[in-house]
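Asker: There's a structure below that I have some questions on.
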Amino acid sequence: MALVDLLQVPHFIIMLIGFIHISVAMLFVAFHKPKNWRILHFCFAATGVELILIGLLILSGLILHIAHGIIGLIVVIILIGDLIGGYVAVKTKDSRIRFVHIWASRVLYVVMLIVIILGIFYFILI
């Protein structure tokens, strides 16, 4: 299959838009702009996770015998926990939870990139 055919797969499109939202959320943290960047960070992160959950739910079934499916499911579960951890860190002002949230987000972002690449390769090989 051609790479362009991926644009006809709703799972890919919704997951990609969710990943873009998470990328924008991380940019707000990196640049601390505009003045209300925390609210925008939370909104984009929350919508990104919601879109990723929708992208997961629209699949007809999980393919857990390939690396893309296994790692992707693990990432989605940890991503939900990370979103909740970020919210708890802000509400409790606990520096340990904030530290875990920041580093988990960084690691998850890199792993999400790997999962996207694995998914594209898997799609092309079909």
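Asker: Using the Karplus curve 6.51 cos²θ - 1.76 cosθ + 1.60 with θ = phi - 60°, work out ³J(HN,Hα) for each residue of the stretch 89-98 in order, rounded to whole Hz, and write x for Gly and Pro.
Answerer: Karplus-based 3J(HN,Hα) across the stretch 89-98 equals 4, 5, 5, 8, 6, 8, 5, 5, 5, 4 Hz.
Asker: Take Ile17 and Ile120, extend 7 Å from each Cα along the Cα→Cβ direction, and tell me the distance between the two endpoints in nm.
Answerer: Reported label-point gap for Ile17 and Ile120 is 2.0 nm.
Asker: Something else now. Among 67-75, 90-98, how do they line up from the highest to the lowest mean number of other beta-carbon atoms within 10 Å? Provide the component values of the computation, followed by the final result.
Answerer: On the way: 67-75: 17.0, 90-98: 12.1.
Ranked by mean Cβ neighbours within 10 Å, highest first: 67-75, 90-98.
Asker: What FRET efficiency would be calculated for the residue pair Asp5, Leu53, taking the C-beta separation as r and a Förster radius of 22 Å, to the nearest 0.05?
Answerer: 0.35
Asker: Quick one: putting +1 on the C-beta of Lys and Arg, -1 on the C-beta of Asp and Glu, what dipole do you get for the chain around its Cα centre, in Debye to the nearest 20?
Answerer: 660 debye
Asker: By its C-alpha gyration tensor, with a ≥ b ≥ c as the square roots of the eigenvalues, how is the stretch 1-53 shaped: rounded for a/c under 1.5, else prolate for a/b larger than b/c, else oblate? Write down the numbers at each step before the final one.
Answerer: Values: a/c = 4.89, a/b = 2.48, b/c = 1.98.
Prolate.
Asker: How much length, in nm to one decimal, is gained on full extension between Val110 and Ile78, taken as 0.36 nm per residue of separation minus their Cα-Cα distance?
Answerer: 10.2 nm
Asker: Which value, in Å², gives the accessible area per residue of the stretch 10-126 when a 1.4 Å probe is used on the protein heavy atoms? Walk me through the numbers before you get to the answer.
Answerer: Working: 7580 Å² over 117 residues.
Averaged over the residues of the stretch 10-126, the accessible area is 65 Å².
Asker: How large is Rg over Rh for the chain, taking Rg from the Cα atoms and Rh as the Kirkwood inverse mean of 1/r across Cα pairs?
Answerer: 1.01
The values are calculated or read from the model by the stated rules, or taken from the named source; none is laboratory data. Computed from a predicted model, the values in this text were never measured in an experiment. Using ideal geometry, Cβ is built from the backbone for each residue, glycine included, and neighbour counts are taken over all protein chains shown. Heads up: the accessible areas ignore ligands, DNA and RNA and are worked out on the full protein's heavy atoms, side chains in. Shrake-Rupley method; radii C 1.70, N 1.55, O 1.52, S 1.80 Å.
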